[in-house]
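The values are calculated or read from the model by the stated rules, or taken from the named source; none is laboratory data. What you are looking at is a predicted structure, and each value in this text was computed from that prediction instead of being measured. Backbone-built Cβ (ideal geometry, glycine too); neighbour counts: all protein chains shown.
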Amino acid sequence: MLVVFVFIIIANLCGVLIAIWVFKHFNIYIPLKNQAVAIDLQEPLQVKVKVQDALNVDVKGRVNASIPIDEKLNIPLTQTLTPRVYFDNMVPISTTIPVKETLKVEQNLPIDTKVQVRVLGRDITLPLKGTIPLKLDVPIDINVPLEQKVHLKFDAPVRTVLKENLHIPLKARLDTNIPIEGNLNVPVKTALNASVDVKNTLPVKIANGELKIPLSTMRLNRVLGSETPQKTADQ
């Protein structure tokens, strides 16, 4: 009898231990289909929002901007300059000077010579000595070449007209502060992080799901009267 009693006690203890292990590690799954439930959100929902359309944003303020400039400028320049020029050097000259003049000759030409004449069929040499007056105009039309070095020295203001197109390469970076005021249409390319705070109870309908109830959250209550004992779940 003692052995049977001990065996019954051990069997009861094993049953209790198995029941405790099952109670802690097993769950009850209840299928839900087209089940309407009401949900109260205790904390705001953290969601990502993707904006499909561009946003109209009113902008007023100043923006720091760095503008790279890499251009070739074409600047027409017309200006009269009067620089002072100093020069002291030998200047080679190679030119032709045209000479077209009339030379007047008025002078007495002395003559002291011998001339040969023929008299009565004979050649006779006679001395000729005297003065012949000359008065005539001699035309001159010649080109005189001139090739020599001339010492040129001067210090004076020179008036000159400058009319040129200046080609200036411009490569720089301009740091500026630009005032902005207006309405901008800004496209949003990336998703935005948002926090949704829902104050009201949300009616939700579960189309197809499963409710998981751990056995460790279940408890047994004894109900007085004709009502049958019920199992309730503490969520």
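When 111, 93 are screened for being under 30 Å from residue 133 (Cα atoms) and either over 60 Å from the mean Cα position of the chain (by Cα) or in contact (Cβ under 8 Å) with a residue 12 or more places away in the chain (or both), only 111 passes.
Yes or no, residue by residue, for (1) farther than 20 Å from residue 169 by Cα; (2) polar (S, T, N, Q):
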position	(1), (2)
67	no, no
83	yes, no
91	yes, no
95	yes, yes
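Condition test on residue 173, is it within 30 Å of residue 89 (Cα to Cα) and modelled with pLDDT of 80 or more? Step through it out loud before you land on a result.
Numbers: within 30 Å of residue 89 (Cα to Cα): no; modelled with pLDDT of 80 or more: yes.
No: the conditions fail for residue 173.
The single condition from (1) surrounded by 10 or more Cβ atoms within 10 Å (Cβ to Cβ); (2) under 30 Å from residue 190 (Cβ atoms); (3) touching a strand residue (DSSP E or B) at 6+ places or on another chain (Cβ under 6 Å) that residue 71 fails is (2).
Okay, residues lined up against (1) acidic (Asp, Glu); (2) part of a strand (DSSP E or B); (3) surrounded by 10 or more Cβ atoms within 10 Å (Cβ to Cβ):
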residue	(1), (2), (3)
114	no, yes, no
124	no, yes, yes
129	no, yes, no
140	no, yes, no
146	no, yes, yes
156	no, yes, no
165	no, yes, no
169	no, yes, no
175	yes, yes, no
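So if I check each of 20, 30, 69, which one is of a type in the set (A, V, I, L, M, F, W, C), modelled with pLDDT of 75 or more and on the phi < 0 side of the Ramachandran plot? Full working, then the answer.
Values: 20 fails: modelled with pLDDT of 75 or more; 30 fails: modelled with pLDDT of 75 or more.
Checking each option against the conditions leaves just 69.
As for region 193-202, it holds no residue that is modelled with pLDDT of 75 or more, surrounded by 10 or more Cβ atoms within 10 Å (Cβ to Cβ), farther than 30 Å from residue 35 by Cα and out of contact with any helix residue (DSSP H, G or I) (no Cβ under 7 Å at 6 or more places or on another chain). When restricted to residues that are out of contact with any Pro (no Cβ under 9 Å at 6 or more places or on another chain) and small (Gly, Ala, Ser), region 1-60 contains 3.
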